[in-house]
1. For Ala251, indicate whether it is assigned to a loop (DSSP other than H, G, I, E, B) and either of a type in the set (Gly, Ala, Ser) or in contact with a helix residue (DSSP H, G or I) (Cβ under 8 Å, 6 or more places away or on another chain) (or both).
2. Does any residue of the stretch 182-189 turn out to be hydrophobic (A, V, I, L, M, F, W, C) and touching a Leu at 6+ places or on another chain (Cβ under 6 Å)?
3. In the set Ile113, Ile184, which member is within 16 Å of the ligand (Cβ to nearest atom) and modelled with pLDDT of 95 or more?
4. For the stretch 248-271, what are the residues that are in contact (Cβ under 8 Å) with a residue 60 or more places away in the chain and farther than 18 Å from Asp210 by Cβ?
5. Under 9 Å by Cβ, and 6 or more places apart or on different chains, what pairs join a residue from the stretch 165-177 that is over 16 Å from Leu372 (Cβ atoms) with one that is of a type in the set (Lys, Arg)?
6. Pick out the one residue from Glu297, Glu305 that is surrounded by 20 or more Cβ atoms within 10 Å (Cβ to Cβ) and either assigned by TED's automatic domain parsing to the domain that holds Gln200 or more than 25 Å from Pro257 (Cβ to Cβ) (or both).
7. Pull up the stretch 343-370, narrow it to residues that are among the charged types (D, E, K, R) and buried (at least 23 other Cβ atoms within 10 Å of the Cβ), then point me to the one that is nearest to the ligand (Cβ to nearest atom).
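The values are calculated or read from the model by the stated rules, or taken from the named source; none is laboratory data. These numbers were taken from a predicted model, which means no experiment stands behind them. FYI the Cβ positions are ideal-geometry reconstructions off the backbone, even for glycines, and counts take in every protein chain you see.
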Amino acid sequence: MAPAPLDTLDLARGLIRCPSVTPAEAGSLSLLEEVLSGLGFACHRLPFAEEDSPEVDNLFARLGEAGPNLCFAGHTDVVPVGDPADWSVDPFAAELRDGCLYGRGAVDMKGSIAAFVAAVSAFLAEGGKPRGSLSLLITCDEEGVAINGTRKVLRWMREQGEQLDACLVGEPTSNARLGDMVKIGRRGSLNAEVVVAGTQGHTAYPQLADNPVHHLTRMLAALVNEPLDEGNAHFPPSSLQITSVDVGNAATNVIPPKATARFNVRFNDLYSSGSLETWLRERLDGAIDRARGAGYEMAIRVSGESFLCPPGPWSDLVSAAVAEVTGAAPELGTTGGTSDARFIKDHCAVAELGLLNATAHKVDEHVSLEDLTALTRIYRAVLDRHAAG
Ligand SMILES: [Zn+2]
């Protein structure tokens, strides 16, 4: 006889009580491994290390060997709590208050992992048979540099001949109410630092100097004066935000020798990081007065390219499961930050669906018990629909 199905709330509380701030596993993967082994999953712990970045533990669990392989992907690592005194509860005590579960990771994303595991256990307990296999890819390196996490697990899977056919990522995608948005793509993210070199001098003798701050302000204006684009059917307009302008000049009578600015661009699929860099350099080059001998250097770090999994059978199935439980079909969106879906999209169709993001990464992060139950039902509907083929 199959064991009684696992309870979403119990599991979520167990996970929140593991203080797994990136990259610490803090017992969270061990808890999942124990639970999934009990459900018959073959579990692989996959610690990866690379010079200059901390070792990260990961978990890949699979039930069944046949295809198609339906995968749930997520992370048990959480962002730091900040000053615990700012919280009205202990961030790792998983307290219940006014019909809500409080704690770091409640929505991002231990609650959704618990909902999926509970949905699988109910599905199996009621005699459900997956069409092919079910798997979970869980990392402890999503909120950090994401070097030794999902990307390396996917590489390991490829080496093992493990294939994914569809993936559900449990990031908190809901905005105003549970299931109002399923994400089918994400914007890319690019960080840049621009350093402008001028010539130091006395403010009373500007003809003998070249003020880099004046160059930099014109260059930054050229970046923000016109929009990057208007967006398209699946993406909002790309957005460039200047995050810092630094000169570090304490004197009132000195023209400084250099000035630095940093900005972040969230870009849609009208750009690649390469074409975006070209756009940026064209504008910066056009605004700097090289006749005065000024020059600049720009260092770029790309944390993810933009991508879109066009609406298709997989997003249709997930949308139908949402509508079955909530009564309303979700919007298919691409807003928000990056997620590990950017790595998974190279392997299979991916859709993201999870809890409300309103308190993610904030003090007093919490989820309503009602939403935890409803999300479990939605994930269960995904399993049922996938099994029905
Ligand atoms: Zn997350």
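1. Numbers: assigned to a loop (DSSP other than H, G, I, E, B): yes; either of a type in the set (Gly, Ala, Ser) or in contact with a helix residue (DSSP H, G or I) (Cβ under 8 Å, 6 or more places away or on another chain) (or both): yes.
Yes; evaluated as a whole, the condition is true for this residue.
2. Looking for residues that are hydrophobic (A, V, I, L, M, F, W, C) and touching a Leu at 6+ places or on another chain (Cβ under 6 Å), one finds at least one in the stretch 182-189, hence yes.
3. Values: Ile184 fails: within 16 Å of the ligand (Cβ to nearest atom).
So the residue among Ile113, Ile184 that is within 16 Å of the ligand (Cβ to nearest atom) and modelled with pLDDT of 95 or more is Ile113.
4. Taking the stretch 248-271 and keeping what is in contact (Cβ under 8 Å) with a residue 60 or more places away in the chain, we get 257-269, 271.
Arg262, Phe263, Asn264, Val265, Arg266, Phe267, Asn268, Asp269, Tyr271, listed by residue number.
5. Filtered contacts from the stretch 165-177: Cys167/Lys345; Val169/Lys183.
6. Values: Glu297 fails: surrounded by 20 or more Cβ atoms within 10 Å (Cβ to Cβ).
That would be Glu305, the only listed residue that is surrounded by 20 or more Cβ atoms within 10 Å (Cβ to Cβ) and either assigned by TED's automatic domain parsing to the domain that holds Gln200 or more than 25 Å from Pro257 (Cβ to Cβ) (or both).
7. Glu352
Yes/no per residue for (1) out of contact with any Asp or Glu (no Cβ under 9 Å at 6 or more places or on another chain); (2) under 30 Å from Ile300 (Cα atoms); (3) within 16 Å of the ligand (Cβ to nearest atom):
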position	(1), (2), (3)
Val120	yes, no, no
Leu124	yes, no, no
Lys129	yes, no, no
Gly161	yes, no, no
Leu178	no, no, no
Gly188	no, yes, no
Thr203	yes, no, no
